[in-house]
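Quick note: the coordinates plus some simple rules give every number you see, no bench work behind them. The shown structure was predicted, so the numbers you read here are calculated from the model rather than taken from an experiment. We place every Cβ from the backbone using ideal geometry, glycine too, and count neighbours over all the protein chains shown.
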Ligand SMILES: [Mg+2]
């Protein structure tokens, strides 16, 4: 399993990567915004993208949009990890195909639960 | 004929007089008005005299405030940067601790393997002793070896609780790591405050320009902008509550999609943000 974690906060990126490794997913790459994430996604093979929403240059939502337009990336499950939790945001994310949604600050248990959910949605497609 | 001329002249003169009287009345009314207005005008002049310096002072104060604003904004960025550096240092130490705990755990695993092999060696020594009843010296020697092995195993036994200590230390380290999410969230709150300062700064500059005060050379305002959520909060109880609401909403949205439709927000569906 190879994951791509995307967050503009170096602290948060590191916490996500460490948490994933603790949860038994050692293969995790990081990107600091949507632009860098797209570059990495187009170069490598990933099983799951875990992305923040609020990022400069390209937000998590714009990344999701770009991924859904790209035939090679459109089926990769995307998990949003964000402080945003108003209804309109969630509806928007789901419309663009986010598989699951984690509210910051999160516990490792919640992250694990939502990763499993996102991966099962992906395999069920 | 002459009489007619005189009558006409008299009529014209009367007309002129009437007009004159009308004008005089108008002028009088004007004087009365001016008389009444004068105190207001005097007040107004006084007011302008008072307000002039006040406006000047206000403009000066606004200029001073405006000059300080980019610095305040930069200071907020510095705070964000400082917390980022500090958090990175804490994360480095947490990584070190986790690494040390892993080293300790493999030592503990090794010790328990050693303890088991000591116990096996002790049992063999006692079995061997029983095979030579005719040789009490050998038996005594083997018993001594068995006791030695028991003592050695016993000294390792005291570390058997270390497993739990390592586990709880690992848990603590992960909790510290989770708690450090506070840095990202406070950084977003600071970015929101900074954005507000920048907006107020722009408005003050507009106002000063309207007052004829041109912008002075201040600090560089072109700094990188952080993207933020103005409602970001660091509180695990709030995020747990929000997560539950999100889960419920998500479930209904994904169900709608599973039935072939676009996700719909039902009337009466509450906001996912209870906080
Ligand atoms: Mg962010």
Exercise for the section: State the number of residues belonging to segment A:1-11 that are in a loop (DSSP other than H, G, I, E, B), within 11 Å of the ligand (Cβ to nearest atom) and in contact with a strand residue (DSSP E or B) (Cβ under 8 Å, 6 or more places away or on another chain). Expected result: 1
Problem - Among the candidates B:194, B:203, B:209, residue that is in contact (Cβ under 8 Å) with a residue 60 or more places away in the chain and closer than 30 Å to residue B:63 by Cβ - result: B:194
Problem - Residue within segment A:60-70 that is under 20 Å from residue B:240 (Cα atoms), in contact with a helix residue (DSSP H, G or I) (Cβ under 9 Å, 6 or more places away or on another chain) and within 16 Å of the ligand (Cβ to nearest atom) present - result: no
Completion exercise
With criteria (1) exposed (fewer than 14 other Cβ atoms within 10 Å of the Cβ); (2) in contact with a helix residue (DSSP H, G or I) (Cβ under 9 Å, 6 or more places away or on another chain); (3) closer than 30 Å to residue A:19 by Cα, residue B:89 comes up short on (2)
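Conditions tested, residue by residue: (1) more than 11 Å from chain B (Cβ to nearest Cβ); (2) within 16 Å of the ligand (Cβ to nearest atom).
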site	(1), (2)
A:13	no, yes
A:22	no, no
A:28	yes, no
A:39	yes, no
A:85	no, yes
